[in-house]
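*Asks:* Next up is a structure, given as structure tokens.
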Amino acid sequence: MFKVVPGGFIPTQDKLYLIGGVKMPEGSSLARTDAVIRKMSEIGMNTEGVDYAVAFPGLNALQFTNTPNTGTVFFGLKPFDQRKHTAAEINAEINAKIAQIQQGFGFSILPPPILGLGQGSGYSLYIQDRGGLGYGALQSAVNAMSGAIMQTPGMHFPISTYQANVPQLDVQVDRDKAKAQGVSLTELFGTLQTYLGSSYVNDFNQFGRTWRVMAPGRWAIPRERGRYRQSAHPQ
């Protein structure tokens, strides 16, 4: 009897869909992510037992946050009487195909047995920097743990949401020079906020909900960074 009944907290169930995700290198654009997400959707549609695929480039599959270097694909499965394979078997086939993608790290997982209890099947491990060693040391510990998991029999691929080597642009303002030329620091920082990120404009109501309007700058194209660096400081 004990060999037949699953020994886990709640057995993995076939819920007629799978969750696919991709993580591109840090700093990747949404366009690069979209290209890989489209390829993953095509892989899913060409897999027996998959009925449809709905893709969301820019959506983190594990945290459901918006980041340009991540993407999510929901693979809808055909009804039980219209397919020969279980969700776990289809998931394994999709993962084998996704592993051939070189541009980023792609994966497919089963949904959690209980909706709202986690983002997928499996379990979570947490690493704490109790010694205050810093982000780099924490990243090294995460990589070491992931490598150990990969070498453990019976374990599948580990997925970490922590990344400490994200490209960043540091802008230093010469306040004395700006004041000497009559440049308002408030306006200067406001302009930097818009060009480096985005600025809040207002809200409007449409389709039964409230939408936020944000105004971003267009400087973010990599080839424009040199020109921006030259024009950001008062001359």
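The values are calculated or read from the model by the stated rules, or taken from the named source; none is laboratory data. Since the model is a prediction, treat every value here as computed from it, not as a measurement. Positions of Cβ are generated from backbone atoms using ideal geometry, with glycine treated the same way; all protein chains shown enter the neighbour counts.
*Asks:* Those residues that are buried (at least 18 other Cβ atoms within 10 Å of the Cβ) and either closer than 16 Å to Lys15 by Cβ or of a type in the set (Phe, Trp, Tyr) (or both), I need them from region 84-101; list them, please.
*Replies:* Correct list: Ala87, Ile90, Asn91, Ile94.
*Asks:* Right, something else. If I ask for residues that are of a type in the set (D, E, K, R), surrounded by 10 or more Cβ atoms within 10 Å (Cβ to Cβ) and assigned to a loop (DSSP other than H, G, I, E, B), which ones from region 155-190 would you list?
*Replies:* Across region 155-190, the qualifying residue is only Asp174.
*Asks:* Tally up the residues in region 195-211 that are among the aromatic types (Phe, Trp, Tyr), assigned to a strand (DSSP E or B) and under 30 Å from Asp170 (Cα atoms), please.
*Replies:* Here the count works out to 1.
*Asks:* Just checking, which of Asp81, Asp51 is farther than 25 Å from Leu117 by Cα and either in contact (Cβ under 8 Å) with a residue 60 or more places away in the chain or touching a helix residue (DSSP H, G or I) at 6+ places or on another chain (Cβ under 9 Å) (or both)?
*Replies:* Among Asp81, Asp51, only Asp51 is farther than 25 Å from Leu117 by Cα and either in contact (Cβ under 8 Å) with a residue 60 or more places away in the chain or touching a helix residue (DSSP H, G or I) at 6+ places or on another chain (Cβ under 9 Å) (or both).
*Asks:* Just the residues that are of a type in the set (S, T, N, Q) and at pLDDT below 85, please, taken from region 117-142.
*Replies:* Residues satisfying the conditions are Gln119, Ser121, Ser124.
*Asks:* Further question on the same structure: Got at least one residue in region 41-48 being surrounded by 15 or more Cβ atoms within 10 Å (Cβ to Cβ), touching a helix residue (DSSP H, G or I) at 6+ places or on another chain (Cβ under 6 Å), in the same structural domain as Leu110 (by the TED database) and not in a helix (DSSP H, G or I)?
*Replies:* The answer is yes; a qualifying residue exists.
*Asks:* Among (1) surrounded by 11 or more Cβ atoms within 10 Å (Cβ to Cβ); (2) under 30 Å from Asp14 (Cβ atoms); (3) β-branched (Val, Ile, Thr), there is one condition Thr152 misses while meeting the rest; what is its number?
*Replies:* (1)
*Asks:* Of all residues in region 102-121, which are surrounded by 15 or more Cβ atoms within 10 Å (Cβ to Cβ) and either of a type in the set (S, T, N, Q) or touching a residue at least 12 places away in the same chain (Cβ under 8 Å) (or both)?
*Replies:* Selection gives Gly104, Phe105, Gly106, Phe107, Ser108, Ile109, Leu110, Pro111, Pro113, Gln119, Gly120, Ser121.
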